[in-house]
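Colleague: One structure, pasted below without further comment.
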Amino acid sequence: MAAPWPSGPAASDTVAARLLGVLWFVLVTTGPWGAAAGGGEETLKCEDLKVGQYICKDPKINDATQEPVNCTNYTAHVPCFPAPNITCKDFGGNETHFTGNEVGFLKPISCRNVNGYSYKVAVALSLFLGWLGADRFYLGYPALGLLKFCTVGFCGIGSLIDFILISMQIVGPSDGSSYIIDYYGTRLTRLSITNETFRKTQLYP
């Protein structure tokens, strides 16, 4: 038998309480909480985690090239570990609850193309044998090397200029590759301004 509808002074309070209960039930089942409980919210990919939610290992460096061992097309990858209690999709697409010891994704880092030309050797040749053109021969410029040899380094002026240019890494190997320099050593980074960078739109969160 159904309960009688309340009457009297407390009737309005009871009706309001029942209406609030119905409204709360509707919100829970159809609102954002209900969608999350029903699996409607997609799990974030691990590579989309914010800084501080993961840590990446340092790349393994090749002793001969002083570049990451897996450097291909100027790009290498390092393993990254999401922080404990982070749930995201790993590089295999599997939703995983991480403890801090599992690899979540591989982060790309830049690397350089080298072809056996040592920066230290080039500078030493330019300093001590530059007047004979040894630095230019070493870097793959035989014509300039022969010219320096025949003119004794352009009477010393050309040797001095080449030493400055090579030391500043402005003159490099003729094949377009980079010098072999210690990975954590002093490297020259060239910055250029183009139509895409000098008026780049600032993005605000």
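Colleague: Kindly give the semi-axes, whole Å and largest first, of the ellipsoid equivalent to region 116-180, taking each as the square root of 5 times a Cα gyration tensor eigenvalue.
Modeller: Here the semi-axes work out to 18, 12, 9 Å.
Colleague: Roughly how many nanometres apart are two label points built 7 Å out from the Cα toward the Cβ at His97 and Leu147?
Modeller: About 7.1 nm, to one decimal.
Colleague: So which lysines pass the test for Lys50, namely a Cα distance under 20 Å, with those fewer than 8 places away in the same chain ruled out?
Modeller: Cross-link targets: Lys89, Lys107.
Colleague: Here's a follow-up. Considering only protein heavy atoms and a probe of 1.4 Å, how much of the accessible area of region 116-180 is carbon and sulfur, as a whole percent?
Modeller: Ligands and nucleic acids excluded, carbon and sulfur reach 80 percent.
Colleague: Okay, moving on. 5 Å is the cut-off here: which amide hydrogens, built 1.01 Å from N in the peptide plane, fall below it relative to Asn115, excluding neighbours closer than 5 in sequence?
Modeller: Ser178
Colleague: Now, a different point. Aspartates and glutamates within cross-link reach of Lys120: Cα-Cα under 17 Å, excluding same-chain residues under 8 positions apart?
Modeller: Answer for Lys120, where 17 Å is the Cα cut-off: Asp63, Glu67, Asp135, Asp162, Asp182, listed by chain and number.
Colleague: Relative contact order of region 122-193: what whole-number percent is it, with Cα pairs under 8 angstrom and at least 6 residues apart?
Modeller: Rounded, it is 27 percent for region 122-193.
The values are calculated or read from the model by the stated rules, or taken from the named source; none is laboratory data. Just so you know, these numbers come straight off a predicted model, no measurement behind them. When we count neighbours, we look across all protein chains shown, and the Cβ atoms used for this are built from the backbone with ideal geometry, even at glycine. Surface accessibility is based on the protein's heavy atoms, side chains included, excluding ligands, DNA and RNA. Shrake-Rupley method; radii C 1.70, N 1.55, O 1.52, S 1.80 Å.
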